[in-house]
1. Taking the Cα atoms of the chain, what is the range of coordinates along each of the three principal axes, in descending order and whole Å?
2. For the chain, what does the accessible surface come to per residue with a 1.4 Å probe? Please give it in Å².
3. On C-alpha positions alone, give me the angle between the axis of helix 2-11 and the longest principal axis of the chain, in degrees, nearest 10.
4. Apply the Kirkwood formula to the range 4-60: the hydrodynamic radius equals the inverse of the mean of 1/r over all pairs of different alpha-carbon atoms; give it in Å with one decimal.
5. Rounded to the nearest 10 degrees, what's the angle between the helix 239-252 long axis and the longest principal axis of the chain, both from Cα atoms, 0 to 90?
6. Report the equivalent ellipsoid semi-axes for the range 130-214 in whole Å, largest first, defined as the square roots of five times the eigenvalues of the gyration tensor built from alpha carbon atoms.
7. Could you give the Stokes-Einstein D for the range 39-151 in µm² per second, using the C-alpha Kirkwood radius, 25 °C, 0.890 mPa s?
8. To the nearest 10 degrees, how steeply does helix 175-187 sit against the main Cα axis of the chain, on a 0 to 90 scale?
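The values are calculated or read from the model by the stated rules, or taken from the named source; none is laboratory data. In this text the structure is predicted, and so the values were computed from the model without any measurement. Quick reminder, even Gly has a Cβ in these numbers, built from the backbone with ideal geometry, and neighbours come from all protein chains shown. Ligands, DNA and RNA are stripped out before the accessible areas are found, and what is left, the full protein with its side chains, is counted by its heavy atoms. Shrake-Rupley method; radii C 1.70, N 1.55, O 1.52, S 1.80 Å.
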Amino acid sequence: MALEKAAELVSGSGYVVALVGAGLSAESGIPTFRGTGGLWTRVGEPSMNGYEQFLRDPIRWWEHQLDPGADPARTEFREAIDSAEPNAGHYALVRMERLGILKMTITQNVDNLHVRAGVANLVEIHGNRTKVRCIGCEMRWLRESFDYAKLPPLCPDCGSLVKGDTVMFGEPIPPSVIDACFRETALCDCMIVCGTSATVFPAASFPRMVKENGGTLIEANPNPTPLSESADVVLRGPTGEYLPELVNRLERL
Ligand code: APR
């Protein structure tokens, strides 16, 4: 059975890493982006040059950011995230980490639910919506702790522009973050791919790199993805159901 095989692979590996997508937070009530009911499916993909617009007119970008009613299409997404709680999938990853099995979680999600579930080792490749970041030195602050009296906010350390920590389309992944992702992927001999359509790069390249290095892939997703063919085990269902079951088996080994 798939869960038994997955538990065997995981327990026989030395450096397990989880790659997480929006699907892990779906059972927390946060819509995914693609597929049926996805946010982009309904309101259309955001502009691919959001970051360029920010650099061109950071004051206007911040005025839009600080105006809650500015973007009704995304209000629903914001409200869903604000009222979301971590679900059994988030807690299963924390249990796996506390067993000493899961070494790192690389998440594409910006909803802060891994942090609230108590994860210790986390790389947020697309940032965290509760934070702001200096685009020069990568210093981060909690969003509400920064002063927006004067726009655009500038880094008190290096003077560069400060923006939301969430990585925008067209924005380079912050160097320290992308370095951490490639370092963890190079160490990984078993990647558990949880709830991602595996279509956005560079995150989607990490499982492929693990396979190329001779590692194994476990996919947990109710739907097939471009990775399904090369996965060693497919847990074809919701992460909120499969991940806790997987950890139950690991705890019994
Ligand atoms: N459990 C596990 N997976 C699920 C569940 C669930 N309960 N429900 C849906 N899924 C799966 C879908 O089948 C889909 O494969 O979650 C995946 C969500 O895919 P996307 O919406 O494309 O989200 P993601 O892969 O995280 O997108 C990557 O794209 O828009 C950018 O920055 C954004 O981080 C995001 C990136």
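1. Dimensions of the chain along the principal axes of its Cα atoms: 57, 36, 29 Å.
2. On a per-residue basis, 46 Å².
3. Value to nearest ten degrees: 80.
4. Its Kirkwood hydrodynamic radius stands at 15.0 Å.
5. 50
6. Result for the range 130-214: semi-axes of 32, 13, 11 Å.
7. Roughly 150 µm²/s, to the nearest whole number.
8. Once rounded, the angle reads 0 degrees.
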